[in-house]
Every structure is written in structure tokens, then in C-alpha cells.
Amino acid sequence: MPDALHVTALRKTYGSATALAGVDLRVGAGELVGLLGPNGAGKSTLTKIACGLVQPTGGHVEVLGHPCASKSARSKTGYLAELFRFPGWATADEVLVLHQRLARSDGGPDERARLLALVELSAAAGRRVEAMSKGMQQRLGIAQALVGDPRLVLLDEPTSALDPAGRRTVRELLDGLRERGVAVLLNSHLLSEVELVCDRVVIVDRGATIAEGAPADLVVAGGVEIETASGLKRFPDAGREDIPDLIGGLVAEGERIYGARVVAGSLEDTYLGLVGAQEG
């Protein structure tokens with residue numbers, strides 16, 4: 001089975017400005033990949049090329065073995081833009097009717113009802129967009145990205161306007177997509193959300209990939225802290241296996257020990273370290 005998304009040496013320039021400088025990226029069937037990077041790193045450009053909205057300068061992008069801008073690829077791709085707008089006068093149900101027509105989906109009322117239930121908007125099917133909160137509109141946007149049962153879903157900042165309960169709903173939805181074999185490329189600045197839900201992350205900066213791997217593999221422990229009578233002692237380069245020797249040395253120096261812990265790292269720490277190093 002081909003990858004849901006296969007990006008090879010992808011380049012995009014706008015005049016003298018380089019948005020993408022040869023990015024490689026793969027998303028397997030049923031895999032959830034987080035795309036991270038600072039503003040201007042090329043994340044949205046990559047996403048728009050993948051769904052056929054922007055023409056690349058060089059490189060190659062395939063969706064399930066088809067060129068990304070082809071009819072076959074587009075029919076298998078769902079997309080939620082970061083800055084989307086629905087007509088204020090349309091109801092939630094009417095928005096999905098429109099996108100069913102655009103996607104040539106024959107799912108009808110059953111598909112619309114299922115998608116609204118999936119994003120917890122069943123009770124708002126008849127509500128106009130202009131009467132919805134930003135969070136409700138965001139969830140409606142996710143629902144429209146799933147019209148037509150796509151096998152690859154591209155989500156650009158899908159949880160940016162959601163409260164904690166809304167973000168949990170989206171996490172559960174993404175877990176369900178993974179179980180059904182649907183691949184997701186998630187472009188987000190909410191690193192804690194990415195760390196919770198993604199199988200792999202790809203970090204890009206200045207149009208190039210600077211790190212890739214499972215979140216747990218990219219996270220580096222933050223050292224060891226030991227609480228003593230004279231204050232907290234920090235050993236930033238130490239690990240769990242060093243704790244007995246550290247405590248032994250402190251006791252030999254006359255310190256009284258009250259506790260020790262390994263400082264857990266986070267994906268955010270790794271990300272900031274990598275991006276900061278690039279900028280430096």
C-alpha cells in the first residue's frame with residue numbers, strides 16, 4: 001500500500017523568498033503526524049501544495065500514489081485551512097451540503113448527521129454560522145474536512161480556537177480516524193496537543209526539516225534535582241542512573257537529603273532548543 005502522503009525534495013520559492021528548501025516527509029496509512037515549526041517555516045505552504053492549491057517550484061508530492069494535484073488525489077484528501085470562512089447566513093447542515101457537492105459525496109443526510117455528531121454539533125445542525133462561537137465554527141470546519149470519507153486529512157491549526165473540552169473532542173476524533181486507517185497531517189503550534197496524539201512529529205524551520213521522530217524519542221530528560229537542607233541542587237546533565245552516586249557524594253560532604261527526582265523533558269523544550277539553535 002502506498003503512503004497516504006509522500007513528499008520528496010519539495011521546494012517552493014516566491015521570487016527571491018524561499019518557503020520550502022527541499023523537504024522530505026512521509027505519512028503512512030492510519031498514521032498521525034504533527035508538523036511543527038515557527039511562523040514562516042513553510043508549514044502552511046507544504047499543506048497547500050499537498051492538497052493541490054499551490055504549485056511547487058520543485059520536488060514531488062503524492063497522495064496514495066497519485067500526483068497531489070490530480071483528481072484521484074483530491075478525491076481522497078480532506079483539508080481544513082487555518083483561516084477559513086463559512087457564509088454567516090448558512091446553517092451547519094447547509095455548510096456540509098455545500099461541501100458534499102464540492103466533494104461529489106453521495107453520503108446525503110446520514111453522512112451530515114454522522115459528522116456533526118462526531119464533532120458534537122448535532123444540536124446545532126440548524127444554527128447559522130454567524131450565531132456560532134469561534135470554537136463551534138472550528139469544529140464545523142473539521143467536520144467539513146471529513147466529508148466524502150477522505151483517506152488523508154490535512155488540518156492546519158484545527159484546535160487554535162478550542163477550549164480544553166473542545167481539544168479533547170478533537171483528540172478523540174483523531175484517535176478514531178487512526179483506528180479507521182485514515183492518515184492525518186496536523187499542523188499546529190499547540191505542542192502539548194501534538195505530543196499527546198501524534199505518532200511522529202516533523203519539525204521544520206526556514207523551509208527545511210531539522211528534526212523528525214516519535215515525540216518520546218525527541219524528548220530529552222532535563223537532568224536531576226536533589227532537595228537538600230541547604231537548598232535545591234540541580235544537575236542538568238545527569239540521569240536516573242546517576243542519582244545514587246550524586247546522593248552519596250552530597251552525603252559525604254555533610255548534606256542532608258530530602259528527595260531526588262528526574263526532571264521530565266517535553267516536546268516544547270526540544271522544539272525551542274532546536275528552533276533557537278537554528279535562529280542563533
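Structure above, values below:
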item	result
Alpha-carbon gyration tensor eigenvalues x 5, square-rooted, for the stretch 141-280, Å	41, 17, 13
Sequence of S44, S230 once ranked by neighbouring C-beta atoms within 10 Å, starting from the fewest	S230, S44
Proximal charge balance of S105 [Cβ under 9 Å; K/R count +1, D/E count -1]	-1
Summed residue charge, Cβ within 10 Å of G30's Cβ, Lys/Arg positive, Asp/Glu negative	0
Partner lysines for K43 [C-alpha distance under 29 Å; skip if fewer than 8 residues away on the same chain]	K12, K71, K76, K134
Relative contact order computed over the stretch 166-280 (Cα-Cα under 8 Å; 6+ residues apart), in percent	23
Extension gain from S122 to S70, taking 0.36 nm per residue of separation minus the Cα-Cα distance	15.4 nm
Highest-MSF residue in the chain out of G42, G254, G107 [GNM, Cα springs under 10 Å]	G254
Positive-pole candidate from A221, V33, P158, dipole of the chain, charges at beta carbon	P158
Built amide H within the under 5 Å cut-off of L36, gap 5+	V202, I203, V204
Placed amide H near A208: partners under 5 Å, 5+ positions off or other chain	A21
At 0.692 mPa s and 37 °C, Stokes diffusion of the stretch 90-194 via Kirkwood alpha-carbon radius, µm² per second	236
Reciprocal mean inverse distance between Cα atoms of the stretch 85-149 - Kirkwood radius, Å	11.3
Nearest-0.05 FRET efficiency for A214 and L53, computed from C-beta distance (R0 35 Å)	0.75
Net length gained if the chain between A161 and N39 were fully extended (0.36 nm per residue, minus Cα distance)	42.2 nm
Fluctuation leader among A238, A143, A50 - the chain, Gaussian network, Cα springs under 10 angstrom	A238
Computed log₁₀ I(q)/I(0) - Debye formula, equal Cα scatterers, no solvent, the chain, q 0.09 Å⁻¹	-0.51
Dipole magnitude of the stretch 137-194 about its Cα centre (Cβ charges: Lys, Arg +1; Asp, Glu -1), debye to nearest 20	100
Sequence-separation-based contact order of the chain, relative, with Cα cut under 8 Å and 6+ spacing, percent	21
Computed helical MRE - 222 nm, the chain, DSSP H runs ≥ 4 contributing -39500 (n - 2.57), nearest 500	-10000 deg cm²/dmol
Where GluC sites (Glu not before Pro) fall in DSSP loop in the stretch 206-255, at most 15 other Cβ within 10 Å	E253
Where Rh is the Kirkwood radius over Cα pairs, Rg/Rh for the stretch 224-279	1.13
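All of the numbers you see were taken from the coordinates with simple rules; none came from a lab. Just so you know, these numbers come straight off a predicted model, no measurement behind them. No Cβ is skipped: glycine too gets one built from the backbone with ideal geometry, and neighbour counts run over all protein chains shown.
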